[in-house]
Amino acid sequence: MNLFRLDASIRTDGSHSRQIADLVEHEWTDVHPESRIIRRPIGTEPLPSDAWASAAYAAYAAFTPEDQRTQTQIDALGLAAALVDELVEADALLFAVPLYNFGVSQHFKTYVDLVTTDPRMAAGGSPALIGKPAVLVTVRGGAYGSGTPREGWDHATPWMRRILEDVWQLDVRTVEAEFTLVGVNPALDEFRDLAAQMREDAEATARSHGRALASHSSIGAEVRDQGTR
Ligand SMILES: Cc1cc2nc3c(=O)[nH]c(=O)nc-3n(C[C@H](O)[C@H](O)[C@H](O)COP(=O)(O)O)c2cc1C
């Protein structure tokens, strides 16, 4: 059993998305202690930002036959294939991605763009990951709920869900934690109690989704084993 884990936070110390994803991972390893964790820390070890353009140019923007591809294009397509291999090899997927500048982390966008250049994951096709269980952990410094001044300003979560749920067709459970900047930004001090409650709720959801991820994957592996007998 393998768990794939992607972290898009640009920091390690004090990262809320990592702490919450750790809870999901903990539940997973509780059930699958021998499992391999395939880590892709794109926030601290970013993918080259020009790889997508090279891969996309070769694969479809100006479709280049294999024998005419440049070394840069070959390397970019190789990187995309390696990223998709990690997803295919995993029995379950965990994505931890914060909100940055009201949009999706540039590192996660680069990751998704690159993965999508691989024929196994091309948009409009039949993705190689259909039905695979996944958890998306996302955290935001502020709050964007209904009736708040910034309602509608979170342009990351709907996009990430669209990609993971509808384009890649994963079986996704989402954990969201808001107000992670309470305690850091004094302007948010009045929301301390609310932030603490939100954090508690997010941690409970993370544990519950972690358990579901582990049991869902066990059932999937059993079905696959039966199919190969
Ligand atoms: C460069 C930068 C931009 C950010 N932009 C936003 C933002 O637009 N909205 C928001 O609610 N929080 C924003 N934040 C706060 C992060 O979402 C918050 O600190 C989150 O906890 C970061 O994830 P981490 O704790 O896993 O590192 C930003 C943080 C950074 C460093």
Taking the stretch 15-70, which residues are among the aromatic types (Phe, Trp, Tyr) and closer than 22 Å to residue 116 by Cβ?
52, 57, 60, 63
Test result for residue 118, out of contact with any strand residue (DSSP E or B) (no Cβ under 6 Å at 6 or more places or on another chain), of a type in the set (D, E, K, R) and open to solvent by less than 20 Å² (accessible area, probe 1.4 Å)
yes
Can residue 148 be described as part of a loop (DSSP other than H, G, I, E, B), polar (S, T, N, Q) and open to solvent by less than 70 Å² (accessible area, probe 1.4 Å)?
yes
Hey, any hits in the stretch 125-135 for a residue that's under 26 Å from residue 203 (Cβ atoms), surrounded by fewer than 23 Cβ atoms within 10 Å (Cβ to Cβ) and within 16 Å of the ligand (Cβ to nearest atom)?
no
Flagged in the stretch 71-91 as open to solvent by 50 Å² or more (accessible area, probe 1.4 Å) and more than 30 Å from residue 213 (Cα to Cα), in numbering order, are 71, 72, 74, 75
Take the conditions more than 15 Å from the ligand (Cβ to nearest atom), open to solvent by 40 Å² or more (accessible area, probe 1.4 Å), over 22 Å from residue 180 (Cβ atoms) and without any contact (Cβ under 8 Å) to a residue 24 or more places away in the chain and apply them to residue 68. Does it pass?
yes
Given the options 100, 60, name the one that is open to solvent by 30 Å² or more (accessible area, probe 1.4 Å), farther than 25 Å from residue 17 by Cα, in contact (Cβ under 8 Å) with a residue 12 or more places away in the chain and not hydrophobic (A, V, I, L, M, F, W, C).
60
Within the stretch 4-50, can you find the residues that are open to solvent by less than 20 Å² (accessible area, probe 1.4 Å) and within 14 Å of the ligand (Cβ to nearest atom)?
5, 6, 7, 8, 9, 15, 17, 20, 21, 24, 42, 43
Output for the stretch 151-169, where each listed residue is open to solvent by less than 10 Å² (accessible area, probe 1.4 Å), part of a loop (DSSP other than H, G, I, E, B) and either of a type in the set (Ser, Thr, Tyr) or away from the ligand (no atom under 13 Å from the Cβ) (or both)
168
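Matching residues to (1) in contact with a Lys or Arg (Cβ under 8 Å, 6 or more places away or on another chain); (2) away from the ligand (no atom under 16 Å from the Cβ):
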site: 58; (1), (2): yes, yes
site: 62; (1), (2): no, yes
site: 76; (1), (2): no, yes
site: 100; (1), (2): no, no
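The values are calculated or read from the model by the stated rules, or taken from the named source; none is laboratory data. Keep in mind it's a predicted model, so treat the numbers as computed, not measured. Quick reminder, even Gly has a Cβ in these numbers, built from the backbone with ideal geometry, and neighbours come from all protein chains shown. All accessible areas refer to the heavy atoms of the entire protein, side chains included, with ligands and DNA or RNA removed. Shrake-Rupley method; radii C 1.70, N 1.55, O 1.52, S 1.80 Å.
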